[in-house]
Each structure stands twice: as structure tokens, then as C-alpha cells.
1. Going through the stretch 302-336 one residue at a time, which ones are in contact with a His (Cβ under 9 Å, 6 or more places away or on another chain), in contact (Cβ under 8 Å) with a residue 40 or more places away in the chain and under 26 Å from V410 (Cα atoms)?
2. Given the options G411, G429, name the one that is assigned to a helix (DSSP H, G or I), touching a Lys or Arg at 6+ places or on another chain (Cβ under 8 Å) and surrounded by 22 or more Cβ atoms within 10 Å (Cβ to Cβ).
3. Could you say which residue among L105, L86 is touching a helix residue (DSSP H, G or I) at 6+ places or on another chain (Cβ under 8 Å), closer than 25 Å to I483 by Cα, open to solvent by less than 80 Å² (accessible area, probe 1.4 Å) and part of a loop (DSSP other than H, G, I, E, B)?
4. If you go through the stretch 188-221, how many residues are open to solvent by 30 Å² or more (accessible area, probe 1.4 Å) and out of contact with any helix residue (DSSP H, G or I) (no Cβ under 8 Å at 6 or more places or on another chain)?
5. S253 is checked against (1) at pLDDT 95 or above; (2) out of contact with any Pro (no Cβ under 8 Å at 6 or more places or on another chain); (3) of a type outside the set (D, E, K, R) and fails just one. What number does that condition carry?
6. Please specify each residue of the stretch 392-408 satisfying the condition of being of a type in the set (S, T, N, Q), more than 21 Å from F496 (Cα to Cα), out of contact with any His (no Cβ under 9 Å at 6 or more places or on another chain) and in a helix (DSSP H, G or I).
7. Against the condition surrounded by 16 or more Cβ atoms within 10 Å (Cβ to Cβ), aromatic (F, W, Y), touching a strand residue (DSSP E or B) at 6+ places or on another chain (Cβ under 9 Å) and assigned to a helix (DSSP H, G or I), how does F381 come out, does it pass?
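The values are calculated or read from the model by the stated rules, or taken from the named source; none is laboratory data. What you see is a predicted model; the values in this text were computed from it and never measured. Neighbour counts are summed over all protein chains in view; Cβ atoms, including those assigned to glycine, are modelled from backbone coordinates with ideal geometry. Just so you know, the surface numbers come from the protein's heavy atoms only, side chains and all, with ligands and any DNA or RNA stripped out. Shrake-Rupley method; radii C 1.70, N 1.55, O 1.52, S 1.80 Å.
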Amino acid sequence: MTLIWRHLLRPLCLVTSAPRILEMRPFLSLGASWTSVTKLGLHTKPRMPPCDFMPERYQSLGYNRVLEIHKEYLSPVVTAYFQKPLLLHQGHMEWLFDAEGNRYLDFFSGIVTVSVGHCHPKVNAVAQKQLSRLWHTSTVFFHPPMHEYAEKLASLLPEPLKVIFLVNSGSEANDLAMLMARAHSNNIDIISFRGAYHGCSPYTLGLTNVGTYKMELPGGTGCQPTMCPDVFRGPWGGSHCRDSPVQTIRKCSCAPDCCQAKDQYIEQFKDTLSTSVAKSIAGFFAEPIQGVNGVVQYPKGFLKEAFELVRAMGGVCIADEVQTGFGRLGSHFWGFQTHDVLPDIVTMAKGIGNGFPMAAVVTTPEIAKSLVKRLQHFNTFGGNPMACAIGSAVLEVIKEENLQENSQEVGTYMLLKFAKLRDEFEIVGDVRGKGLMIGIEMVQDKISRRPLPCEEVNQIHEDCKHMGLLVGRGSIFSQTFRIAPSMCITKPEVDFAVEVFRSALTQHMERRAK
């Protein structure tokens, strides 16, 4: 359902007409609509859809002063995108505005975090109301927002997943889930996929299997990686393997109802169980779709068999829903439901609070009791009144505005649109995903599938930004564009994003030809 309040007439709207200039023009009438420019010239800049929001004038630190402070006082780890990092000032739903007044369509949502839109009016109102009532009291006291939220969240999960531990971040949630698995099983070894990202805390670094997050120093002991069943880049997989409207162009001998690639990857999983861990294990962590590794999807049926093998060895199964949960995948509210499995523990963060620091671990009464016997678990900020009030508002908005259904409809529309670019351009190797979680993997050519060099991907990324589109990056060599807009996104905005991407790819192919 289209959000009614977003189409109320305003006197003025913003239209980006040049890279650094905002013009004020009359707002379009209800009968007018923005349509994709399908026959753009090679250097025509796609026209940005209108936005009925006027940002405040930026009156804070100058850009050069921000760079000085960042260099002198903040972490030296280079994380900012672009040669000239964006200095953001304000956000409204799917839009971001920088300090110079430029408007951008945000297709990465603060790393898959802003679930219902930047500064959503209802979430804002709830946060302001709670802010004036009670900011914080720890869980040694009761307060209604925590109990109201727990009841709402539990109602969205299948039995027996009913016991909720509220924490502050995805890393912290996965830390706690690891502890639960070990306390309940009395075992140590935990398995996770190569390419997995489950956090950057000392404990979860053992689960995270992306090279840039590995250290020479010991840490995260008892964690073992296993082969990621990637049907595009892995040794097996092809055109029938994924639960997605778009399949890889690799050919395979699988039938629609019998995936031979799945069977091959299960044999590799069995090999890990028989050679790399003890006879009894603590558990197995899996993202329903890998996020940081570039929206990697597994063969249909893989997780179901893997869960059975793990449980046969005494372990518990943990679904990391930090990026896939809360309706983002469209067809289901939780990513694990797309695999027809029931985890023993579910971790969640990011979209849970629309950007407010909040996370949760949900498990069974039995596993919760096993933890309590070993540890008096306590979290000073977890379940604070602000987080819980905001979390409740997010759940209400997802339901009231049919955002899960929007993720399904608009996400599928976008996935099919991007898939056409794969057919047009040799350097687009794979387009994959579900709902509003999409990966576009860049390659040197489709036959070799070698990653497109980072400097070339960087330039395409920059070109998209110059045209007003912000997307993320992922995969081992940072060769995959990650698309994960807020769930309020509309089809006209998708049309704009696809045209921007097509224009950036066209410019890149021109540079290559020279």
C-alpha cells in the first residue's frame, strides 16, 4: 500500500538540477507522475524523482574542519566511502541531504539499518514523547515500554522462541548467542560459513570469516569455518538453485525440485563436521542471506539439512537476522522462514530500531534456563525505555504501512530491473537477492567470473554518487554492490536508481574502450 501521508500536497518540492545546487520548484499535481527515462543519451543524467521535504540550512562545522577533527581524534581505520567522503546533514524517509544541500536517494540505509525510513514521523513522535518522560532506568526496575515491546516481538516469532534478551548491537547479540549455545550444549566448537560476518567484537571475530576482519592475534577460539554454499562463485550451482526470482546464469544439471549443488555442499559440510570439530559441538551460525559477503544466497534446502546434521551432534542452530529480519526479504518476516527451518536461537539488530542502538536475542525457555544456571546475565542499557519505545513504533509502522508487502512487490520489481542490466553489460556477473536485499556482483567477464578490479568498481561507485544514488559495497574483494533501501521505497525511485546504475556502467564501458 502506498503511504497516503507521503503524497499530501506541499507548496514546494526539491529537484536536484546540478551537482551542488538545489532549486525550488512547484510541487507536482497528484495527476502527474515521474517516469523512467528509458532512452537516455550516453551522458544524460537521470532525472531524480521529486521529494516533498525541505531540509534545514546547514550551519555547523565546515568540511575542512570536520576532516581535521576526524584525522586528529577519531579512529584511523578508513571506513568512509568515496574520495571525498559525504558530510551528511539531514534525512527524510529514503532521502539524505549533505551539508551542501545535495539530495541523495539512500539505497544502503545506514548499512541495512534504517528499516522504515530516515526520521519517520511516527517513530520521531514516539521517541520525542519517551524522551520527555523517561530516558533510562536499568532492568533492575520495571518500565512498561520494555514489557510492551517484548510481548509485540514475541508474537512475531514461532513457538518455542519466546524468551527475549535485549541488548545494544548485533555483535553483542551474537556474543550472547555464542555463550548460550555453549552453556546449553556443554560444548565449545561453533561453525560458521566462510564469508560470514557476525560482528567485530573479540568474541564474534572468530565467527566472522572475512579477511579484513582477521588478526594475527589470538581471539574467538573454538570457531571453525566451513565452505559457503555460493551457487555463483562456489564450485557448484547454477540456474535452478536459489530461492529468488533471478537465478545465476551458470548452467547446472539440477532440476527445479532436486538441487545437486545442494547435495555437493552438504557433503562439504559433513566433511567439516567429521574433520574440523569435536564429536559434539556447541552450534552453527548462519545468516539466511549473507550480507557483508555481497548478498550471497545458498541452494534451496541446504540450511534444513545442515540444521539436522548440527543437532545430531548436540549443537544448536542460530539464525543471524541482523540484516535479513523485520520483513526486508518480503516473502517472510524472518529470513529463516524462507529456508523452512526453525532455529534454536535468533539474533537481531539494525532494522529493529530504525537506526537507534538496539538488538535482541530470542531463544527457547530451555536454552534460556541453561544460560541462567551458568551466568547472571545483565545489561545496563539493553531494554532501556527509549530503545523499547522506538522498537515498538518500528513494528507498528511495518504493520500499518504494509512494508513487508512493499518489500516483496517493489523488491521483486527492482531485482528484475537490475537483472536486465546483467544481460546488457559483460561486467555485471550476477544479480541476486530477495525483497529489498540485493547484490550486484561485478566481474571482468562472465566466463572467468574474476572480480572487477577495485579501482574500477570504485569509479562506478563514485559515478552513482555524483548522480544522486548511494549504494553499499560487499564481498571479499569489495566487488559487489549491496542494495538495501528503506522498506518505504517506491517504484519510481527504483526506476531512477536503475537508470543511474545503467548510466554509470555505460560511462565505465566508455572509459574501458579508450
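1. Listed by number, the residues that qualify are D320, V322.
2. On the way: G429 fails: assigned to a helix (DSSP H, G or I).
Criteria check complete, one pass: G411.
3. Working: L105 fails: part of a loop (DSSP other than H, G, I, E, B).
Unique residue meeting the criteria: L86.
4. Taking the stretch 188-221 and keeping what is open to solvent by 30 Å² or more (accessible area, probe 1.4 Å), we get 188, 194, 197, 200, 202-203, 211-219, 221.
Add one more test, that the residue is out of contact with any helix residue (DSSP H, G or I) (no Cβ under 8 Å at 6 or more places or on another chain), and what stays is 194, 202, 211-212, 216-218.
Total meeting the criteria: 7.
5. The single condition S253 does not satisfy is (1).
6. Our first condition is that a residue be of a type in the set (S, T, N, Q); within the stretch 392-408, this holds for 392, 402, 404, 406-408.
Checking which are more than 21 Å from F496 (Cα to Cα) leaves us with 392, 402, 404.
From the residues that got through so far, the ones that are out of contact with any His (no Cβ under 9 Å at 6 or more places or on another chain) too are 392, 402.
Passing the criteria: only S392.
7. Working: surrounded by 16 or more Cβ atoms within 10 Å (Cβ to Cβ): yes; aromatic (F, W, Y): yes; touching a strand residue (DSSP E or B) at 6+ places or on another chain (Cβ under 9 Å): yes; assigned to a helix (DSSP H, G or I): no.
Judged against the criteria, F381 is not a match.
A quick yes/no check of all residues on (1) modelled with pLDDT under 95; (2) open to solvent by 80 Å² or more (accessible area, probe 1.4 Å); (3) out of contact with any helix residue (DSSP H, G or I) (no Cβ under 9 Å at 6 or more places or on another chain); (4) among the aliphatic types (A, V, I, L, M):
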{"site": "L74", "(1), (2), (3), (4)": "yes, yes, yes, yes"}
{"site": "V77", "(1), (2), (3), (4)": "yes, yes, yes, yes"}
{"site": "E94", "(1), (2), (3), (4)": "no, no, no, no"}
{"site": "V114", "(1), (2), (3), (4)": "no, no, no, yes"}
{"site": "P121", "(1), (2), (3), (4)": "no, no, no, no"}
{"site": "Q130", "(1), (2), (3), (4)": "no, no, no, no"}
{"site": "S138", "(1), (2), (3), (4)": "yes, no, yes, no"}
{"site": "E148", "(1), (2), (3), (4)": "no, yes, no, no"}
